[in-house]
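This report refers to the structure that appears directly beneath it.
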Amino acid sequence: MLLENKTAIVYGAAGSIGSSVARAYAREGAQVHLAGRTVSSLEAVAEVIRSAGGVAHAAQLDVLDKDAVQRHATGVVDTSGGIDVCFNATSNDDIQGRTLLDMPLGQFMQPVTKSLTAQHAIATALAPHMARRGGGAILVMGGGREAIPRLGGSHVAWAALAGLCRQLAADLGPHGIRVAWLLSPGSPGSADDSPDAEPTDDPSHDAPPGTAGLIPRHRPSLEEVAGIATFLASDSARTMTAAEINLTGGAVID
């Protein structure tokens with residue numbers, strides 16, 4: 001198994017992406033610690049993992065509270081012996097539907113401030129523990145690099161998050177800690193959101209605003225995102241850091 005004997009923390013683990021990643025980590029042998037705002041939702045994910053034979057712990061956590069993130073990390077170490085991997089799937093609480101010219105500064109800055117504050121708190125809390133283990137992987141879900149109107153501060157937040165991750169990778173590399181982020185074209189789809197899937201009238205399967213007809217392949221499914229996140233967390237990806245993993249299906253060309 002790719003993550004056997006590893007301990008992972010998934011932030012935002014009750015959401016669709018976070019829960020998919022948490023389940024994938026557990027299937028590959030990791031002890032998984034689920035963190036988020038709603039305990040009941042986290043426990044539901046933990047129970048699915050346990051019923052499949054995995055190990056999962058759930059804890060309520062505000063990722064904007066640096067002291068709370070540090071206390072939780074210490075608790076994970078006390079319970080599991082260390083921290084090897086983290087995946088940040090928390091939302092940035094963005095406000096969309098208006099142009100930047102029509103948006104007050106506070107609304108524009110809201111996703112930027114939350115994204116950077118949360119990722120800085122997570123990295124600074126976990127890095128010392130990972131360094132003591134000889135290394136680790138800090139992973140985060142990012143957003144697109146397309147030019148799409150009326151997304152407010154979302155793309156600015158994702159661009160800033162990518163810059164933070166690059167700097168973290170440079171600073172933490174000497175300690176064996178890798179940092180990478182996954183680039184997705186909007187929200188990942190379900191398991192049947194594939195090139196051969198039947199058409200659907202469900203609006204949740206629509207392409208992200210402004211990208212209709214631009215994706216040569218297809219949106220990544222939650223399972224595909226979780227699979228890539230599992231590979232990145234494993235020792236097989238130990239040369240990959242300061243890296244953006246392009247899951248846009250060709251919507252963003254590198």
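Derivation of every value follows stated rules applied to the coordinates shown; laboratory data play no part. Given the structure is predicted, the values throughout are model-derived calculations rather than measurements. No Cβ is skipped: glycine too gets one built from the backbone with ideal geometry, and neighbour counts run over all protein chains shown.
Determine, from the Cβ-Cβ distance of Ser51 and Thr79 and an R0 of 22 Å, the FRET efficiency 1/(1 + (r/R0)^6), rounded to the nearest 0.05.
For R0 = 22 Å, the calculated efficiency reads 0.60.
Output the relative contact order of the chain, whole-number percent, from Cα pairs under 8 angstrom with separation of 6+ residues.
Working: 512 pairs, mean separation 48.1, N = 254.
It rounds to 19 percent for the chain.
Calculate the dipole size of region 7-246 relative to its Cα centre from +1 charges on Lys and Arg beta carbons and -1 charges on Asp and Glu beta carbons; express the result in debye to the nearest 20.
Working: 17 positive and 24 negative charges, 168 e Å.
The dipole magnitude comes to about 800 debye.
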Original post:
Shape call for region 31-78 from the C-alpha gyration tensor, a ≥ b ≥ c root eigenvalues: rounded (a/c under 1.5), prolate (a/b greater than b/c) or oblate?
Top reply: oblate
Original post:
Scaled to the compact-protein estimate 2.2 N^0.38 Å, what is the alpha-carbon radius of gyration of region 1-117, rounded to two decimal places?
Top reply: 1.19
**OP:** Between Thr124 and Glu244, with labels modelled 7 Å along Cα→Cβ, what's the label distance in nm to one decimal, could you check?
**Re:** 2.6
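How big is the C-alpha Rg of region 69-194 next to the rule-of-thumb value 2.2 N^0.38 Å, as a ratio? It would help to have the intermediate numbers written out before the result.
Working: Rg = 16.3 Å, N = 126, 2.2 N^0.38 = 13.8 Å.
Region 69-194 yields a ratio of 1.18.
How much length would be gained if the chain were fully extended between Ile253 and Leu116, taking 0.36 nm per residue of separation minus their Cα-Cα distance, in nm to one decimal? Intermediate values should be presented prior to the final figure.
Values: separation 137, 0.36 × 137 = 49.32 nm, distance 2.54 nm.
Working it through step by step, the gained length comes to 46.8 nm.
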**OP:** Report the extension gain between Leu64 and Arg150 in nm, rounded to one decimal, defined as 0.36 nm multiplied by the number of residues separating them, less their alpha carbon distance.
**Re:** 28.4 nm
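Can you give the helix-only mean residue ellipticity at 222 nm for the chain, where every DSSP H stretch with n ≥ 4 adds -39500 (n - 2.57) and the sum goes over all residues, rounded to the nearest 500 deg cm²/dmol? All intermediate terms of the calculation are to be shown ahead of the outcome.
Numbers: 6 runs with 99 residues, N = 254.
Dividing the helical sum by the residues of the chain leaves -13000 deg cm²/dmol.
Starting from the Kirkwood Rh over alpha-carbon pairs, what translational D in µm² s⁻¹ does region 7-246 have by Stokes-Einstein at 25 °C and 0.890 mPa s? Before the final figure, lay out each step's value.
Working: Rh = 18.3 Å.
Value of D from the Cα-based Kirkwood radius: 134 µm²/s.
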Original post:
Given the options Gly136, Gly54, Gly12, which has the most mean-square fluctuation in a GNM of the chain, springs set between C-alpha atoms less than 10 angstrom apart?
Top reply: Gly54
**OP:** Sort 122-129, 162-169 for me by packing, meaning the mean count of neighbouring Cβ atoms within 10 Å per residue, highest on top.
**Re:** 122-129, 162-169
**OP:** Enumerate the residues in region 219-251 having an amide nitrogen under 17 Å from the point lying 7 Å beyond the Cα of Ser91 toward its Cβ.
**Re:** none
Subject >> Top positive-direction residue, dipole computed over region 1-115 with Cβ charges, set Gln60, Gly36, Asn5 >> reply: Asn5
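Given the Cα-Cα distance of Val39 and Thr99 and 0.36 nm per residue of separation, how much length would full extension add, in nm?
Numbers: separation 60, 0.36 × 60 = 21.60 nm, distance 3.56 nm.
Result: 18.0 nm gained on full extension.
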